[in-house]
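*Asks:* Quick one: the structure is below, questions incoming.
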Amino acid sequence: MKPGKFDVVVTTYEALRICLGSLKKTNFYMAFFDEAHKLKNAEAIVAENSRRLSTKYRILLTGTPL
């Protein structure tokens, strides 16, 4: 990622795992998480990585009840 100002991040859970170091350097206004049921287990790596992002708001999208 090139340095700059970003308001929103759109990524996959796999890319979040791979690029977490770069993504943590940016303060995002908002992050959207599709298939949010993957974040249901607070101790799962994908859930931990999602919490490491600096965001003001997080939007969880899912068709599965949390």
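*Asks:* For helix 13-23, report the angle its Cα long axis makes with the longest principal axis of the Cα atoms of the chain; keep it between 0 and 90° and round to the nearest 10°.
*Replies:* Tilt of helix 13-23: around 30 degrees.
*Asks:* Continuing with this model, one more query. Would you work out what percent of the accessible area of the chain, with all protein chains in place, is carbon or sulfur (probe 1.4 Å)?
*Replies:* 55
*Asks:* To continue, here is another question. Counting Lys +1, Arg +1, Asp -1, Glu -1, what net charge surrounds residue 17 among other residues with beta carbon under 14 Å of its beta carbon?
*Replies:* Charge balance near residue 17 sits at +2.
*Asks:* I'd like the antiparallel share, as a percent to the nearest 5, of DSSP beta bridges with both residues in the chain.
*Replies:* Roughly 0 percent of the DSSP beta bridges within the chain come out antiparallel.
*Asks:* Can you tell me how much longer the chain between residue 37 and residue 24 gets when fully stretched, taken as 0.36 nm per residue apart minus their C-alpha distance, in nm with one decimal?
*Replies:* 2.4 nm
*Asks:* Give the long-range amide H neighbours of residue 53: residues separated by 5 or more places, or on another chain, with amide H under 5 Å away, using H modelled in the peptide plane at 1.01 Å from N.
*Replies:* For residue 53, whose amide H was placed from the backbone, there are no distant partners under 5 Å.
*Asks:* Separate question: Compare 31, 15, 47 in a GNM of the chain, Cα atoms joined below 10 Å, and give the one with the largest fluctuation.
*Replies:* Per the Cα network of the chain with a 10 Å cutoff, 15 tops the list.
*Asks:* So, one more: With an 8 Å cut-off on Cα pairs and a minimum separation of 6 or more residues, tell me the relative contact order of the chain in percent.
*Replies:* 37 percent.
*Asks:* How much mean residue ellipticity at 222 nm does the chain get from its helices, if each DSSP H run of length 4 or more adds -39500 (n - 2.57) and you divide by all residues, to the nearest 500 deg cm²/dmol?
*Replies:* So the helix-based figure for the chain works out to -8500 deg cm²/dmol.
The values are calculated or read from the model by the stated rules, or taken from the named source; none is laboratory data. Owing to the predicted nature of the structure, the values given are computational and were not obtained by experimental measurement. Cβ coordinates were reconstructed from backbone atoms using ideal geometry, including for glycine residues, and neighbour counts include every protein chain displayed. For accessibility, only protein heavy atoms count, side chains too; no ligands or nucleic acids. Shrake-Rupley method; radii C 1.70, N 1.55, O 1.52, S 1.80 Å.
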